[in-house]
Amino acid sequence: MSMIFDVIVIGGGPGGYVAAIRASQLGLKTACIDDWKNSNAAPALGGTCTNVGCIPSKALLQSSEYFDNVSTSFQSHGIEVEGLKLNLDKMLSRKRNVVKQNNDGIVYLFKKNKVSFFHGKGSFTEKQDQTFHISVLGKEKLTLNAKNVIIATGSKPRHLPNIQFDEKLILSNSGALNMNSVPKKLGVIGAGVIGLEMGSVWKRLGSDVVILEALPEFLSAVDYQIAKEAFRFFSDQGLMINMGVKIEEIKAKKDVKVSFFDKDGSKHNLSFDRLIVSVGRVPNTEGLEIEKINLELDDNGFIKVDDKCRTNIQNVWAIGDVVRGPMLAHKAEDEGVCVAEQIVGQHSHVDLNIIPWVIYTFPEIAWVGKNEQQLKSDGINFKSGTFPFMANGRARAIGETKGMVKVLADAKTDEILGIHIVGPMASELIAEAVVAMEFKASSEDIARICHAHPSLSEATKEAALAVNEKALNF
Ligand code: FAD
């Protein structure tokens, strides 16, 4: 069976499914191929993000935070609970339901937007007369044809050399989100976003968590002042974070034995019930057969694209985790929209400098734009304003006063160059910063905008005021 489309999207994660919907909205006959299978071997649209990434991790972060709150912060509100018990099965089943709602939501959106969905592995077979032939290997074998192809095949977890994931003792993100009991001792290799989020979930549920990180500096991509605060908060919570370690050996049998050298060169041997390995992700081009169309990869295995997501082959585009730039769902989505719009001749673009980053720990960390160390190394003169949540009325009322907002602005023009937050609801607060930067706002713009009282967003206004030493409440 052979079918002709205007656009074929390979991959149904946030990049691919959004690209397919926008292409169809723009009047293009669109197909989306995705090979993800759930535990019943059924299709599960949404890719890494929906199935084993953003969505299930945030479901478990929320559940574990509620659980932790009962024994930590509730007492200060005058709420005393006796007999607190964890029902992990129920927590995991809720997480699975949240995932399924999202899977089903995309199926509904595809129907509504008339996107044809094919479940199976997509691969290039050949190009003839400006038409690409893509084979889909699912329950049956099909060939789809189209003039435009968008590759959105995402990424997969990086494993350590010679240490494969078995998802029982050595866990990737998939296993880390699916443990059926709380490990007494949990090791995490990698103190990046995923390591910190997964470490936080299981720490709150009762594990002793030790995080081992090779880099000497904690969260080196984060503004150093914010990272320093965060390190202190996480250490106070009992996450044992060891920086600058060198792993010597990992042996997994009944448990996992890890020997490593600490930053001072002393050797340690630790045993864990389970070990999460979160040392980054690698682009996924497996099985695409890109050599059939001579598609180029860069030295790190990402599909080579320009700033418009164009590959070296005309009318083949690539977006999301499989190309350069932040591995974030919203970046993938924006690139999907951008490419669909370019296919119909519109002039869309994605500014990779104004992509918000969030780490959903407690408190959350969020930022957009440049941090202080980057501005210094770029030789840019800047002014800085900070405001602690301790001085914010809403933060005091909800009892979440840890952290601060930091605004960095150009010393001469006052244009905002970066906003960095560690504190309650940083993931929501950062949206104002992104809008401000997209509109090239100055710190004075934010400082003069009326912010509701009492609200956490007043901390952003106050930090903006502080840039010009005009903070009112601190
Ligand atoms: P993916 O989501 O990886 O989707 C690719 C899809 O393509 C998959 O379904 C795959 O099976 C399919 N596919 C691959 N090859 C083929 C083929 N040949 N044929 C057919 N189908 C194919 N990002 C955030 O922004 N916020 C977060 O809070 C966040 N949390 C995360 C938590 C964890 C634990 C992890 C692992 C990631 C998290 N991310 C988060 C990152 C986010 O999940 C990715 O950036 C995002 O999923 C990338 O989207 P994508 O569309 O490029 O690829």
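The values are calculated or read from the model by the stated rules, or taken from the named source; none is laboratory data. No experiment lies behind these values; they were computed from the predicted model shown. Methodologically, a virtual Cβ is constructed for each residue, glycine included, from the backbone with ideal geometry; neighbour enumeration extends over all protein chains shown.
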Which one is surrounded by the most Cβ atoms within 10 Å (Cβ to Cβ) among residues in region 320-342 that are hydrophobic (A, V, I, L, M, F, W, C) and out of contact with any Lys or Arg (no Cβ under 9 Å at 6 or more places or on another chain)? Ala332
Count of region 387-402 residues which are buried (at least 24 other Cβ atoms within 10 Å of the Cβ) and at positive phi: 0
Go through (1) in a loop (DSSP other than H, G, I, E, B); (2) within 12 Å of the ligand (Cβ to nearest atom); (3) crowded, with 16+ Cβ neighbours inside 10 Å; (4) within 23 Å of the chain's Cα centre (by Cα) for Glu286 and report which single condition fails. (3)
Failed item, numbered, when Ile10 is tested on (1) free of Cβ contacts under 8 Å to residues at least 60 places away in the same chain; (2) within 13 Å of the ligand (Cβ to nearest atom): (1)
Those residues that are within 12 Å of the ligand (Cβ to nearest atom), within 23 Å of the chain's Cα centre (by Cα) and either closer than 20 Å to Trp36 by Cβ or not in a loop (DSSP other than H, G, I, E, B) (or both), I need them from region 289-322; list them, please. Ile303, Ala318, Ile319, Gly320, Asp321, Val322
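Residue-wise test of (1) part of a helix (DSSP H, G or I); (2) of a type outside the set (Val, Ile, Thr); (3) modelled with pLDDT of 95 or more.
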site	(1), (2), (3)
Arg324	no, yes, yes
Met327	no, yes, yes
Val358	no, no, yes
Gln373	yes, yes, yes
Only one of Ser57, Ser39, Ser73, Ser24 is away from the ligand (no atom under 14 Å from the Cβ) and within 30 Å of Gly238 (Cβ to Cβ). Can you tell me which? Ser73
Where a residue in region 377-397 is of a type in the set (A, V, I, L, M) and its partner, wherever it lies, is in a strand (DSSP E or B), with Cβ under 8 Å and at least six apart: Ile380/Asp410; Ile380/Leu417; Ala395/Gly423
Exactly one condition in (1) surrounded by 19 or more Cβ atoms within 10 Å (Cβ to Cβ); (2) within 30 Å of Pro183 (Cβ to Cβ) is not met by Asn69; state its number. (1)
Being within 16 Å of the ligand (Cβ to nearest atom) and more than 30 Å from Phe132 (Cα to Cα) narrows it down to one residue among Val182, Val149, Val201; which is it? Val201
What's the total number of residues in region 199-223 that are among the polar types (S, T, N, Q) and in contact with a strand residue (DSSP E or B) (Cβ under 6 Å, 6 or more places away or on another chain)? 1
Taking region 290-320 and keeping residues acidic (Asp, Glu) and closer than 24 Å to Gln346 by Cβ leaves Asp306, Asp307
Out of region 255-283, which residues are within 16 Å of the ligand (Cβ to nearest atom) and not basic (Lys, Arg)? Leu275, Ile276, Val277, Ser278, Val279, Gly280, Val282, Pro283
Yes or no: Gly393 under 19 Å from Ala452 (Cα atoms) and at pLDDT 95 or above? yes
Hey, among the residues in region 217-253 that are charged (D, E, K, R) and within 26 Å of Arg204 (Cβ to Cβ), which one's surrounded by the fewest Cβ atoms within 10 Å (Cβ to Cβ)? Asp236
Is one or more of the residues making up region 428-440 in a helix (DSSP H, G or I), over 22 Å from Ala227 (Cα atoms) and without any contact (Cβ under 8 Å) to a residue 60 or more places away in the chain? yes
